[in-house]
Every structure is written in C-alpha cells, then in structure tokens.
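The values are calculated or read from the model by the stated rules, or taken from the named source; none is laboratory data. Small disclaimer: the values here were computed from a predicted structure and weren't measured. FYI the Cβ positions are ideal-geometry reconstructions off the backbone, even for glycines, and counts take in every protein chain you see. The area values use the complete protein model at the heavy-atom level, side chains included, leaving out ligands, DNA and RNA. Shrake-Rupley method; radii C 1.70, N 1.55, O 1.52, S 1.80 Å.
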Amino acid sequence: MEGADSAGAGAGGAVAAAAKWRSDASRAFQYYLDRSTPHATGRWLGTLAAAAIYALRVYMVQGFYIVTYGLGIYLLNLLIGFLSPMVDPELDPSAAAEGPALPTRGSDEFKPFIRRLPEFKFWYAITKAFVVAFVMTFFSVFDVPVFWPILLCYWVVLFVLTMKRQIVHMIKYKYVPFSIGKQKYGGKKNVASTSSSKD
C-alpha cells in the first residue's frame with residue numbers, strides 16, 4: 001500500500017515539475033517576444049531567414065508542394081487582414097457608425113488607420129506558419145504527390161483576384177493601409193523663403 005502511495009506521489013511530483021517547467025518556459029518565451037516588439041526590422045529579417053530556410057528545404061527535397069500551397073493560402077489570408085481596416089464599413093455599416101471610422105470627406109476629422117490584424121500579430125503569425133511548415137516537411141505523410149505548376153497558377157490567380165478586390169475596397173472607402181510617418185509642414189521656413197524671394 002505504501003509503494004502505491006509513493007508511486008502516486010512520485011508521479012504527482014513529476015507532473016508538477018513538468019507544469020512548472022512549462023510555465024517557466026512560456027514566461028521566458030513571452031519575455032523575449034515582448035522585448036522584440038520595438039525591433040521590427042530585426043523581426044522581419046528573422047522571418048525572411050525562416051522563409052529562406054523553408055524554401056531551401058522544399059527545393060532540396062523536391063516535395064511538400066501541398067504544404068507550401070497551404071502556407072501560401074494562409075499567408076494570403078493574413079495579408080488581407082493586415083490590409084483591412086478593423087471596422088469594415090462594407091460588412092457592418094452600423095458598427096462603422098458607432099466605432100472609429102475612416103474619414104470619407106476632406107472635412108472629416110483625421111482618424112488613423114487601425115488594422116484588423118496589427119503588424120506584430122501579422123509578423124508572429126507568419127513566422128509561426130513558416131516554422132510549422134518547416135517541421136511538417138520532416139513527415140512524409142504531408143508529402144502528397146501533386147503537379148506543382150497547377151497549384152502555383154491557381155495561387156497566383158487567387159492572389160491577383162484577392163488583391164484586386166482589396167484595392168477596389170481601398171479606393172471605394174478612400175483609405176491607404178500604410179503610413180510613411182507624421183506629415184511635416186514647412187511652417188516658418190516657407191514664410192521666410194517667400195519674403196526673401198520678394199526682395
């Protein structure tokens with residue numbers, strides 16, 4: 001009876017230790033993820049490196065085209081979320097009237113563009129997708145034999161049609177999902193240059 005109790009206590013201790021390790025690892029991962037937030041260039045360079053490693057792996061094994069196609073569809077879905085406003089006036093006009101809306105006239109108050117999928121979440125989802133796709137290339141069950149040029153053509157057509165629809169939406173609701181930075185005005189320099197040109 002005591003042996004069963006000690007075995008149960010040992011198993012409970014192992015489970016508690018595993019839970020503590022998992023919690024510590026999750027906390028450390030979140031810490032470094034939070035520290036990477038202001039370093040957008042470095043984050044995207046890391047993602048570009050992950051994409052290059054994945055592309056090299058697919059090229060070297062000459063397979064896993066269906067995984068790559070699924071990855072492409074997922075990335076296209078993320079891109080649409082990144083380019084779309086948080087409140088889409090086309091989908092829900094009542095929510096657009098209540099919440100922050102895009103200015104449609106020159107007299108409207110300026111409201112910054114708020115994305116449906118923020119840049120950090122966009123980056124994180126893309127990076128995770130490349131890592132998961134890379135891991136999938138080590139399992140032959142995902143290497144479904146397909147004629148990859150058909151998948152590539154289908155993805156290109158899907159990309160073009162989706163981007164066309166998104167650009168039409170941008171034109172219709174008069175928004176640009178990118179900002180170069182705060183607009184700068186000439187102020188006193190313009191006044192000084194005009195007065196000196198009169199002299």
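Some values worked out for this structure:
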{"quantity": "Largest-first ordering by accessible area, 1.4 Å probe, given options Tyr59, Tyr154, Tyr124, Tyr74", "calculated": "Tyr59, Tyr154, Tyr74, Tyr124"}
{"quantity": "Extension reserve of the Ile80-Lys172 stretch, reckoned as 0.36 nm per residue once the Cα distance is removed", "calculated": "31.5 nm"}
{"quantity": "List Val58, Val168, Val87, ordered by accessible area with a 1.4 Å probe, largest first", "calculated": "Val168, Val87, Val58"}
{"quantity": "Options Leu56, Thr68, Ala28, ranked by Cα towards positive dipole end of the stretch 15-88, top entry (Cβ charges)", "calculated": "Ala28"}
{"quantity": "Phe147 accessible area, 1.4 Å probe, all protein chains in place, Å² to nearest 10", "calculated": "140"}
{"quantity": "Area of Ser84 that stays accessible when all protein chains are in place (1.4 Å probe, Å², to 10)", "calculated": "10"}
{"quantity": "Förster-model FRET efficiency, 41 Å R0, Phe113 and Ala14, C-beta, rounded to 0.05", "calculated": "0.20"}
{"quantity": "Exposure rank, largest accessible area first [Leu91, Leu78; 1.4 Å]", "calculated": "Leu91, Leu78"}
{"quantity": "Surface accessible to a 1.4 Å probe, Ile126 within the full protein complex, Å²", "calculated": "20"}
